[in-house]
Amino acid sequence: MKRALTLTGVFLIIVLARLVAFPDRASGLATDQPAASEQVISHTGEHQDTALDLAENGVRKFIKYSGFRNATPGHLIMIMVGLFFIFLAIRYDYEPLLLIPIGIGIIFGNIPFFQDGGVNMQIGIYQEGSVLNYLYFGVLKGVYPPLIFLGIGAMTDFSSLISKPKLMLLGAAAQVGIFLTFLGALALGFHPQEAGAIGIIGGADGPTAIFLSSRLANGIDIIGTAANGDPIYVKNLIGPIAIAAYSYMALVPVIQPPIMRLLTTRKERLIRMKPPRAVSKLEKILFPLIGLLVTTFISPNSLPLLGMLFFGNLLKESGVTKRLADTARTSLIDIVTIMLGLTVGASTQADRFLTTDSLVIFGLGALSFMVATAGGIVFAKVMNLFSKEENKMNPLIGAAGVSAVPDSARVVQNMGLKEDPTNHLLMHAMAPNVAGVIGSAVAAGILLSFLW
């Protein structure tokens, strides 16, 4: 019995070796397939030697295509980054709906596989015809971000902003980080299109960052001609920019509090604001319509984002499209978030991501985010100089001007409660927070209008 099993095992190894080493012969497509008489094992041992050679070649080919053989230090570094993102999401609850898909995507994108000019494994995200490549289409063409904005609109209550429209100025002030970073990227030698895509990280809005980078820094547009006549293409910075934007969104509770404490006094952090006034249903219905017309007339290129944002909000506030609003803010946004996070993460292949440009982008992104936070706080303090005592605002809410909804508003709430457990700032902070979403989309449209 043991001998029969051994012979059967040897036979299977020989067959597998043939399939691996000579797939064309196994499929019967090769024209030089040996005759049946040559496939019979002889007693001379000659064919056994050939079979062993085939088995050896098969094993070598298996090793050649394995991840162990093709792994590089860069692959291992990026896999560790992906695992770190997952750790942050699970251990500290930092944006788990984003960081877990992105973390898994980073691991997907850095599983090493054999690549050769004549061989296309159709596995990686940049291999035409692979599943990941098809899913990546939504990122490359900017399809996913507007759908995300549709869901955000369907789950956002603009009441706090409607009750105090002047707080929209804080959302606008926080966008100073975008334009200062744009200038900084230009000074560091980035092409204007690339600099514009990098600058938008300051808005702390992942979908907007992906949308703008897919238009300006997608590796497709020709921006010049080399000395030998070959075209020069803009760099593909979608991966680094998206990862930077989402990373800083997740790290809002870490980055913002020190800046908030540095720029405010204890007396300012104790300021109590009047409760927002009640907003009528008519105002809630009119706001997305008026907001759509005003913002898109100012910046028509922001229509794909703001149009979907206000459309989603109208579905919510109209009261007659509850099923559509529920779908937009639950099933649809969840599906798109999975696809977006997975493909953005998978786009960070080591050979494309571990570059000097990526490090510079992360540095500029951090600076941009800090400047945006400071800009909102400082502008709130300036507004207080021209306000009556009873109308002064707590400067902490200026930090919510970055469009990391609702994380920035929650940070403001927590900071306020630490100073005074009875001082609730969440509803006040939501006004500049949602204004920041609108402001970053308008800024993206402005950059797109003169850079694309």
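Bear in mind that the values in this text are calculations on the coordinates, not laboratory data. Quick caveat, the model's predicted, so the values are computed rather than measured. Every residue, glycine among them, receives a Cβ derived from its backbone with ideal geometry; neighbour counts consider all protein chains shown.
Worth pointing out:
- Each Cα pair under 8 Å and six or more residues apart adds its sequence gap; the mean of these over the residue count of the chain is a relative contact order of 24 percent.
- Across q = 0.08 Å⁻¹, the chain modelled as identical point scatterers on its alpha-carbon atoms has Debye log10 I(q)/I(0) values of -0.55, in the order of the q list.
- Here's the list of aspartates and glutamates a cross-link from K267 could span, going by alpha-carbon distance under 17 Å and ignoring same-chain residues fewer than 8 apart: E389, E390, E419, D420.
- Packing-based exposure ordering (other Cβ within 10 Å, fewest first) of F137, F85, F179: F137, F179, F85
- Ratio Rg/Rh, restricted to segment 69-216 and using Cα atoms, in which Rh is the Kirkwood radius: 1.04
- Among Y144, Y136, the order by Cβ neighbours within 10 angstrom, fewest to most, reads Y136, Y144.
- Projecting the Cα atoms of M430, V294, L354 onto the charge dipole of the chain (Cβ charges, centred on the Cα centre) puts M430 farthest toward the positive pole.
- Short-range pairs are left out: with C-alpha atoms under 8 Å and at least six residues apart, the relative contact order of segment 252-326 is 23 percent.
- Cα centroid separation, segment 335-362 to segment 366-381 (Å): 26
- Taking segment 145-263 and dividing mean pair separation by its residue count, relative contact order in percent (alpha carbons under 8 Å, at least six apart): 20
- Segment 356-452 - Rg over Rh from alpha carbon coordinates, Kirkwood radius: 1.06
- Debye, to nearest 20: dipole size of segment 139-255, +1 on Lys, Arg Cβ, -1 on Asp, Glu Cβ: 240
- Helix 333-346 axis, angle to the chain major axis (alpha carbon atoms, nearest 10°): 60
- Pairs over the 23 Å Cα-Cα cut-off, from the set K281/K316; K141/K284; K164/K392; K284/K381; K164/K381; K166/K274: K141/K284; K284/K381.
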